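The values are calculated or read from the model by the stated rules, or taken from the named source; none is laboratory data. The model shown is predicted, which means the values in this text are computed figures rather than measured ones. Every residue, glycine as well, gets a Cβ built from its backbone with ideal geometry; the counts of neighbours run over all protein chains shown. We work out accessible area using only protein heavy atoms, side chains counted, and drop any ligands, DNA or RNA first. Shrake-Rupley method; radii C 1.70, N 1.55, O 1.52, S 1.80 Å.
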Amino acid sequence: MRYKHFKNADVKVSCLAVGTWAIGGKNYGPVDREGSIRAIRRMVDLGVNLIDTAPCYGNGTAEKIVGEAIRTIPRDKILLSTKFGLVPDVFKGDFRKEATYKNAMREVESSLMNLDTDYIDFYFVHWPDVNTPICETMSALADLKRMGKIRYVGVSNFTQEQIEEAEKYLTVDVQQPPFSMVERQYEQLMSWGASRGIDSMTYGSMGAGILSGKYRDTPDFEPGDLRLTFYDYFREPKFSKIQELLKTMDEIAGEHNCPVSQVALNWSTQKDFVGTALVGVRSEAHADENCVAFEWELSEAEILRLDNELERLGL
């Protein structure tokens, strides 16, 4: 496993992290609870030291699975990351953004209970809440740090302007934007953040699975599946463009005798502005495949070849 040093947080983090959105089981395909627990433990055995989750992933399901998975692991061997600020809206059947002081205090207690831990390492504002003054949100995070319930402060899906406003009240240690070969619109934001010591934990690192090479034909997902509603990778014209990209990835994967997914992981994590890539895992075999990617690296020529193909395809 490779590691990077997060500047503001002053902590060493594995370049690969466990992402748990999918194992929440909410509109993201079937979930094998016991298989997920074994997969998380396998990732830690192979050197991964960060597990990211959120209470809205299956209304607490993902956090509880993580809590069970880490029960046998010494707490100081792992870093836990979770979030607050997305509250179920029973009337709309969705979530509303609520990053108030009161809600932060309420949600942290729920997450601590779900995770069965005394503290959270990275605590994120999940989405900007334009109806709550940022000074109120950051005041809550500052108090949680003083109480020892969280160690580091993070923001997810924030713009540069929103991060700058947040930093008027409290240092932001990390940010969490989407990033992968097929989602590159936040590269400048991530580079800017890295220059200020705000490291990035990227989500959607495998393009909702499409960069694994698994989907060569349009998949028949259930209606409402987040891979169709939250992302656009499985819709035209992007789907066909990604299929063209996979041909180049296939060639490079063949030269390294590895799965296509490892090409995608190395392309992302070899970027200086990427701190760690959050990747979902459902089985021990999947965990092994992900972690082996960090036993080798793409050459500069291979990265340039992929970059040129991305530009050609307009991805």
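Beta carbons closer than 9 Å, at least 6 apart along the sequence or on distinct chains, pair a first residue in the range 132-150 that is more than 18 Å from Ser81 (Cα to Cα) and aliphatic (A, V, I, L, M) with a second that is part of a helix (DSSP H, G or I) and open to solvent by 40 Å² or more (accessible area, probe 1.4 Å) for Ile134/Gln162; Ile134/Glu165. Could you list, ordered by first residue, the pairs with Cβ atoms under 8 Å in which the first is in the range 291-305 and more than 15 Å from Leu46 (Cα to Cα) and the second is aromatic (Phe, Trp, Tyr), at least 6 apart or interchain? The qualifying pairs are Leu298/Trp267; Ile303/Trp267. If we scan the range 44-64, do we find a residue that is over 24 Å from Glu109 (Cβ atoms) and buried (at least 24 other Cβ atoms within 10 Å of the Cβ)? Scanning the range 44-64, I find at least one residue that is over 24 Å from Glu109 (Cβ atoms) and buried (at least 24 other Cβ atoms within 10 Å of the Cβ), so the answer is yes.
If we scan the range 212-232, do we find a residue that is at pLDDT 90 or above, farther than 28 Å from Arg38 by Cα and either open to solvent by 10 Å² or more (accessible area, probe 1.4 Å) or touching a strand residue (DSSP E or B) at 6+ places or on another chain (Cβ under 7 Å) (or both)? No: the range 212-232 contains no residue that is at pLDDT 90 or above, farther than 28 Å from Arg38 by Cα and either open to solvent by 10 Å² or more (accessible area, probe 1.4 Å) or touching a strand residue (DSSP E or B) at 6+ places or on another chain (Cβ under 7 Å) (or both). Among residues of the range 31-41 being part of a helix (DSSP H, G or I) and open to solvent by less than 80 Å² (accessible area, probe 1.4 Å), the one that is nearest to Thr72 (Cα to Cα) is Arg41. Checked against the criteria, Asn103 counts as more than 30 Å from Leu211 (Cα to Cα), open to solvent by less than 10 Å² (accessible area, probe 1.4 Å) and not in a loop (DSSP other than H, G, I, E, B). Of all residues in the range 43-67, those that are assigned to a loop (DSSP other than H, G, I, E, B) have Cβ atoms under 7 Å from Cβ atoms of residues that are surrounded by fewer than 24 Cβ atoms within 10 Å (Cβ to Cβ) and of a type in the set (Phe, Trp, Tyr), 6 or more apart or on another chain, in Cys56/Phe95; Tyr57/Trp21.
Per-residue answers, yes or no, for (1) of a type in the set (A, V, I, L, M); (2) farther than 19 Å from Arg2 by Cβ; (3) out of contact with any Ser or Thr (no Cβ under 7 Å at 6 or more places or on another chain):
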{"residue": "Ser268", "(1), (2), (3)": "no, no, no"}
{"residue": "Gly275", "(1), (2), (3)": "no, no, no"}
{"residue": "Arg282", "(1), (2), (3)": "no, yes, no"}
{"residue": "Cys291", "(1), (2), (3)": "no, no, yes"}
{"residue": "Glu297", "(1), (2), (3)": "no, no, yes"}
{"residue": "Asn308", "(1), (2), (3)": "no, yes, yes"}
{"residue": "Leu313", "(1), (2), (3)": "yes, yes, yes"}
